[in-house]
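The structure appears below as structure tokens.
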Amino acid sequence: MKKIFTLLFSTVGLLMFSQKIESFETILNDKISIRAIELYDNKVWYSGTESKFGFVDLKNNKTQKQIKLSENKLQFRTLAQNKDAFYAINIESPAHFFRIDKKDLSVINTYTDTLKTAFYDALIFVNDEHAVTFSDPAKDLNLKLSFIMPKLNSILDFNTLTKREGFNTINLNEGEAAFAASNTNIAHQGNNIWIATGGKSSRIIKIDYTTLKSNVYKTPFIQGESAQGMYSIDFYNEKFGVAVGGDYTKQEANVNNIATTNDGGKTWQIQASGKNAGYTTCVKIKPNSKGKEMISVGDQHISYSSDFGKTWKKISDEKGFYVCKWVDGNTVVFAGKDKISLMKLKF
């Protein structure tokens with residue numbers, strides 16, 4: 001009987017992790033650190049260090065283009081798009097909000113945040129008319145949220161916008177902030193926006209952007225130190241989501257660094273604690289998988305789950321990637337230190 005159970009569980013394990021890497025090709029080499037990517041027109045678009053912005057064609061990687069968003073050596077960790085343009089915000093103050101037209105790649109600086117504490121961690125479009133971004137808190141520990149309004153070519157600060165809307169101000173705890181790691185500690189589905197924080201507190205902020213009402217939920221994620229907490233989140237629908245992270249200063253630490261939710265972020269269940277590849281900077285759920293399959297990347301590994309994030313298998317020891325995105329059901333693009341690579345998976 002024991003042998004039968006062993007064989008049964010071995011077979012289940014093979015079925016759960018049946019994917020294989022068919023090919024893994026580097027399609028861009030450059031002296032750059034990339035932490036934000038977007039897909040458009042069969043190309044992967046990126047923003048990074050040295051004010052660099054550009055694309056690589058996914059079908060012919062010899063077709064590429066790169067421009068400078070500024071004469072200054074700015075660092076970008078955000079990138080988002082609507083139907084007409086890309087938007088990118090550099091980290092550190094002064095923070096410049098750049099619009100890059102999709103037709104001719106013309107660049108406009110639409111807004112500059114001169115607050116000394118400005119440090120924008122993530123940027124996401126919720127529809128073609130509204131984007132949401134957030135910065136590290138000022139001294140009053142209020143989370144600085146802003147709306148980008150492309151049609152009006154303006155930036156509206158949540159605190160200004162919501163005084164008349166009855167928005168409840170979001171106060172962060174001492175030592176709580178967010179990580180500009182892969183532009184993925186913000187997510188949206190339907191009317192909901194989720195923001196993941198880390199540091200001495202690691203919580204989920206959930207905002208209904210139609211009513212601007214917000215809730216803040218505690219999580220069982222590792223927290224308490226400045227480098228700990230959630231670094232990346234992704235939601236398949238308005239209920240199921242996943243969060244990954246850990247401790248950036250202890251890459252091998254793998255306790256309480258992965259969690260999932262089935263109720264839209266109110267409660268979180270720790271997964272694979274002590275049984276994963278360690279610190280993870282980005283997670284993406286596979287399209288059309290109903291949330292069952294997902295891929296993640298850390299500075300030291302690429303990992304895969306095929307059971308809603310409950311168990312994980314390291315599928316590559318490739319180092320130096322910070323962000324990933326599904327191209328289709330079999331292809332994932334990765335970007336990070338000095339490179340962009342394309343992985344094809346076989347199931």
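The condition of being assigned to a strand (DSSP E or B), more than 25 Å from F53 (Cβ to Cβ) and within 23 Å of the chain's Cα centre (by Cα) holds for only one of I148, I205, that being I205.
For (1) within 20 Å of F221 (Cα to Cα); (2) not polar (S, T, N, Q), each residue gets a yes or a no:
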| residue | (1), (2) |
| --- | --- |
| I258 | yes, yes |
| N262 | yes, no |
| Q269 | yes, no |
| G309 | yes, yes |
| G329 | no, yes |
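A residue that is free of Cβ contacts under 8 Å to residues at least 40 places away in the same chain and in contact with an Asp or Glu (Cβ under 8 Å, 6 or more places away or on another chain) occurs nowhere in the stretch 155-166.
Exactly one residue out of G336, G320 is touching a Gly at 6+ places or on another chain (Cβ under 9 Å), open to solvent by 10 Å² or more (accessible area, probe 1.4 Å) and either more than 20 Å from V255 (Cα to Cα) or among the small types (G, A, S) (or both): that is G320. In the stretch 82-92, the condition of being open to solvent by 50 Å² or more (accessible area, probe 1.4 Å), under 28 Å from A138 (Cβ atoms) and free of Cβ contacts under 8 Å to residues at least 24 places away in the same chain is met by no residue.
Taking the criterion of being outside any strand (DSSP E or B) and surrounded by fewer than 17 Cβ atoms within 10 Å (Cβ to Cβ), the residues of the stretch 94-120 that qualify are P94, K102, K103, D104, L105, S106, T114, L115, K116, T117.
Going by the structure shown, is A180 surrounded by fewer than 24 Cβ atoms within 10 Å (Cβ to Cβ), out of contact with any Ser or Thr (no Cβ under 7 Å at 6 or more places or on another chain) and closer than 22 Å to V297 by Cα? Answer is yes for this residue. Looking at this structure, is E22 open to solvent by 50 Å² or more (accessible area, probe 1.4 Å) and in a helix (DSSP H, G or I)? No; evaluated as a whole, the condition is false for this residue. The set of residues from the stretch 121-138 being under 17 Å from S226 (Cα atoms) and in a strand (DSSP E or B) comprises D121, S135.
Note on the stretch 191-215: residues that are at pLDDT 95 or above and not basic (K, R) amount to 12. Looking across the stretch 35-74, the residues that are within 17 Å of K103 (Cα to Cα) and among the aliphatic types (A, V, I, L, M) come down to L39, V44, V56, I67, L69. Cβ separations smaller than 7 Å between residues 6+ apart or across chains give the following pairs from the stretch 245-266 residues that are closer than 15 Å to W312 by Cα to residues that are surrounded by fewer than 16 Cβ atoms within 10 Å (Cβ to Cβ) and small (G, A, S): N254/G274; V255/S273; V255/G274; N256/S273.
Taking the stretch 304-317 as the range and being open to solvent by less than 10 Å² (accessible area, probe 1.4 Å), small (G, A, S) and in contact (Cβ under 8 Å) with a residue 60 or more places away in the chain as the test, only G309 passes.
Which of the residues that make up the stretch 221-260 are open to solvent by 20 Å² or more (accessible area, probe 1.4 Å) and at positive phi? Of everything in the stretch 221-260, those that are open to solvent by 20 Å² or more (accessible area, probe 1.4 Å) and at positive phi turn out to be G224, N256. From D307, D299, D338, D317, grab the single residue that is acidic (D, E) and over 22 Å from A36 (Cα atoms). After ruling out the rest, the residue left standing is D307. Where strands (runs of 3 or more DSSP E) fall wholly inside the stretch 28-70, the ranges with 1 or more residues that are open to solvent by 80 Å² or more (accessible area, probe 1.4 Å), free of Cβ contacts under 8 Å to residues at least 24 places away in the same chain and in contact with a helix residue (DSSP H, G or I) (Cβ under 7 Å, 6 or more places away or on another chain) are 64-68.
The values are calculated or read from the model by the stated rules, or taken from the named source; none is laboratory data. Just so you know, these numbers come straight off a predicted model, no measurement behind them. In this analysis, Cβ positions are derived from the backbone assuming ideal geometry, glycine residues included, and neighbour counts consider all displayed protein chains. Side chains included, ligands, DNA and RNA excluded: accessible areas come from the protein's heavy atoms. Shrake-Rupley method; radii C 1.70, N 1.55, O 1.52, S 1.80 Å.
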